[in-house]
Amino acid sequence: MIPLNFRRTAVRRRAMALCSALAAAILCGGCSGSSIGTAGHGPDRSARPTTIRVPTQAATINAALDRARPGDLVLVSPGVYHESVKVRTDRVVLRGTDRNRVVIDGEGRRSNGVVVTAAGVSVENLTVRNHLLNGVLVTGMSDGSGGLARGSDGYQRLDPARFPPLEGFRVRYVTAHANGLYGIYAFNAQHGVLEHNYASGSADSGLYVGQCKPCHVLVQDNIAEHNAIGYEGTNASGPIWVLRNRFTKNRVGMTINTDYQEAYVPQQGGVVAGNLVSDNNAPDTPEQADGAFGIGIGIAGGQHNELLRNRVSGNSRAGIVLASHEDVPVLGNRLVDNTLSANVVDVSYQASARAPGRGNCLRGNTLRRTLPEDLQRTAPCPSGNSKTSGTAPRTPPAPAPVGIPFLDVAAPPGQPQLPHAESIPATPALRLPGRVRPDHVPLPGPDLLAARRHQGATSP
């Protein structure tokens, strides 16, 4: 049987313990001068937006953000910045002038690169690397002074009534490399866009969207490779769109999950279209706590999701897996017009006796083998399968290869710039994501975003 406990509980608990131990350093790390406090309590917002340049007008990124008012642009010149950046003012744009040479470096000892706890913020055109937890964290989970946001520690339920979701965010043209938990992490946040990013070397997932219902989040045109998981959407319910991304050479390509450690159980209503999900069996990646390996797309306790025109190939255990999660059944998921090839199994259906699934259907897919073998016949669209349909045989998988430390994953190649980064006006992340047309997204070729991929091995 393919392991399907996609959440890395042990990883998360270790990370939260580390987070608590470093709390004092995190709350003040990288700060300079006075704090602006929470959004809406700073200077007069009627003043015209301005540009604050780092380091010519402010010595550090945090110093510039302390001065920033809603609508301002903090424009960062090339350099390596050793600070944990806090964005706590609404509608600020934080942008590097050169994506590959503006680097926020955690040196393997700071927890987070950029933490956004204000609405309408955009983070653009820079690199975040070598952090113990997250490269970029965008979240409504914060204390009253705008301190560090936390996820669940596994013992207490998160309370979205106490911590309302952050409204409006954008992370684009960001390179997130060698971060110990997530590369780019949007949690308890709505109305956002993650686009044109590159994530590698994450010990959990390169890109993550979690705890939002409805999300109104668009994840498009990103690359996630050489991570434990490329993309993860946990309790992230529709509308949410994952379009035209390249998830290759991870341990697992992407997962769509329900998890009781987060609010809004169960996950429902995502659209995954036009993605390349291939060769997710790379040993030169950080190792997962629960050992999942060789899976292209995994849905665990997810319901009423659509997988449309994805190319899923070369995954050594399964291309697509549908499974229950604890007592949450896998329900009503539609697999339509996907192309699957060179996977050991193309589609594996693994609903449990405790939470039997139903209504999952397949139509128009190009594939060779399913488990059970008659899955296409017993799960036609639109009706799908029944609670009594057969499931894949439960055979233990071969052990996954030993992984490598996240800090040892080789650095990525230079990535494309945000066009005219030094001159275009700041555009706060408002009224996002706008109109999304997944029906216009075609089946990708095997070369999707290939010019931006990493072709090397581990660093010496």
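The values are calculated or read from the model by the stated rules, or taken from the named source; none is laboratory data. Here the structure is a predicted model, which means the values were calculated and not measured. Ideal geometry is used to build each Cβ from the backbone, glycine not excepted, and the neighbour counts take in all protein chains shown.
Some values worked out for this structure:
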item: Among the residues listed as GLN268, GLN261, the single one being within 21 Å of LEU218 (Cα to Cα) and of a type outside the set (Phe, Trp, Tyr); result: GLN268
item: Check on ALA392, within 26 Å of the chain's Cα centre (by Cα), in a loop (DSSP other than H, G, I, E, B) and closer than 17 Å to GLY298 by Cα; result: no
item: Scope the stretch 395-404; condition more than 21 Å from the chain's Cα centre (by Cα) and either among the polar types (S, T, N, Q) or surrounded by 14 or more Cβ atoms within 10 Å (Cβ to Cβ) (or both); matching residues; result: THR395, PRO397, ALA400, PRO401
item: Among (1) farther than 23 Å from HIS196 by Cα; (2) touching a helix residue (DSSP H, G or I) at 6+ places or on another chain (Cβ under 9 Å); (3) touching a residue at least 40 places away in the same chain (Cβ under 8 Å) - the single one ARG394 does not satisfy; result: (2)
item: Lone unmet requirement of (1) buried (at least 21 other Cβ atoms within 10 Å of the Cβ); (2) within 18 Å of ILE295 (Cα to Cα); (3) in contact with a helix residue (DSSP H, G or I) (Cβ under 9 Å, 6 or more places away or on another chain) for LEU367; result: (1)
item: Residue in the stretch 53-62 that is among the hydrophobic types (A, V, I, L, M, F, W, C), more than 27 Å from the chain's Cα centre (by Cα), modelled with pLDDT under 50 and assigned to a loop (DSSP other than H, G, I, E, B) present; result: no
item: Test for ASP105: is it at pLDDT 95 or above, surrounded by fewer than 21 Cβ atoms within 10 Å (Cβ to Cβ), among the charged types (D, E, K, R) and farther than 26 Å from PRO433 by Cβ; result: yes
item: The stretch 283-294 residues that are in a loop (DSSP other than H, G, I, E, B), paired with ones that are of a type in the set (Ser, Thr, Tyr) and buried (at least 24 other Cβ atoms within 10 Å of the Cβ) (beta carbon under 8 Å, 6 or more apart); result: PRO286/SER202
item: Residue ID - farthest from LEU375 (Cα to Cα), chosen from residues in the stretch 301-329 that are in contact with a Phe, Trp or Tyr (Cβ under 8 Å, 6 or more places away or on another chain) and part of a loop (DSSP other than H, G, I, E, B); result: GLU326
item: Among the candidates ASN250, ASN235, ASN227, residue that is buried (at least 24 other Cβ atoms within 10 Å of the Cβ), under 17 Å from the mean Cα position of the chain (by Cα) and not in a loop (DSSP other than H, G, I, E, B); result: ASN235
item: Among (1) small (Gly, Ala, Ser); (2) touching a residue at least 12 places away in the same chain (Cβ under 8 Å); (3) within 19 Å of PRO393 (Cβ to Cβ); (4) surrounded by fewer than 19 Cβ atoms within 10 Å (Cβ to Cβ), the one test that ALA353 misses; result: (2)
item: Hey, LEU407 surrounded by 15 or more Cβ atoms within 10 Å (Cβ to Cβ) and touching an Asp or Glu at 6+ places or on another chain (Cβ under 8 Å) or not; result: no
item: Any hit, the stretch 345-363, residues being in contact with a helix residue (DSSP H, G or I) (Cβ under 9 Å, 6 or more places away or on another chain) and under 17 Å from ILE229 (Cα atoms); result: no
item: The stretch 77-88 residues that are over 13 Å from ARG129 (Cβ atoms) and free of Cβ contacts under 8 Å to residues at least 60 places away in the same chain, paired with ones that are of a type in the set (Ser, Thr, Tyr) and crowded, with 21+ Cβ neighbours inside 10 Å (beta carbon under 6 Å, 6 or more apart); result: ARG88/THR117
item: All positions within the stretch 180-205 that are charged (D, E, K, R) and not in a strand (DSSP E or B); result: ASP204
item: Number of the condition not met by GLU287 [criteria: (1) closer than 18 Å to PHE187 by Cβ; (2) of a type outside the set (Lys, Arg); (3) over 15 Å from the mean Cα position of the chain (by Cα)]; result: (1)
item: Some residue of the stretch 393-401 being touching a strand residue (DSSP E or B) at 6+ places or on another chain (Cβ under 9 Å), of a type in the set (A, V, I, L, M) and at negative phi; result: no
item: Where a residue in the stretch 215-236 is under 21 Å from ASN250 (Cα atoms) and its partner, wherever it lies, is of a type in the set (Lys, Arg) and assigned to a strand (DSSP E or B), with Cβ under 6 Å and at least six apart; result: ILE223/ARG246
item: Filtered residues of the stretch 197-213 (kept if within 9 Å of the chain's Cα centre (by Cα) and aromatic (Phe, Trp, Tyr)); result: TYR208
item: Filter result for the condition that a residue is part of a loop (DSSP other than H, G, I, E, B), surrounded by 15 or more Cβ atoms within 10 Å (Cβ to Cβ) and in contact with a Gly (Cβ under 8 Å, 6 or more places away or on another chain), over LEU418, LEU432; result: LEU432
item: All positions within the stretch 435-455 that are at pLDDT 95 or above, surrounded by 13 or more Cβ atoms within 10 Å (Cβ to Cβ) and in a helix (DSSP H, G or I); result: PRO438
item: Test: residue in the stretch 39-46 that is modelled with pLDDT of 95 or more and surrounded by 17 or more Cβ atoms within 10 Å (Cβ to Cβ); result: no
item: Condition broken by LEU27, with the remaining ones in (1) touching a Leu at 6+ places or on another chain (Cβ under 7 Å); (2) modelled with pLDDT under 95; (3) buried (at least 23 other Cβ atoms within 10 Å of the Cβ) satisfied; result: (3)
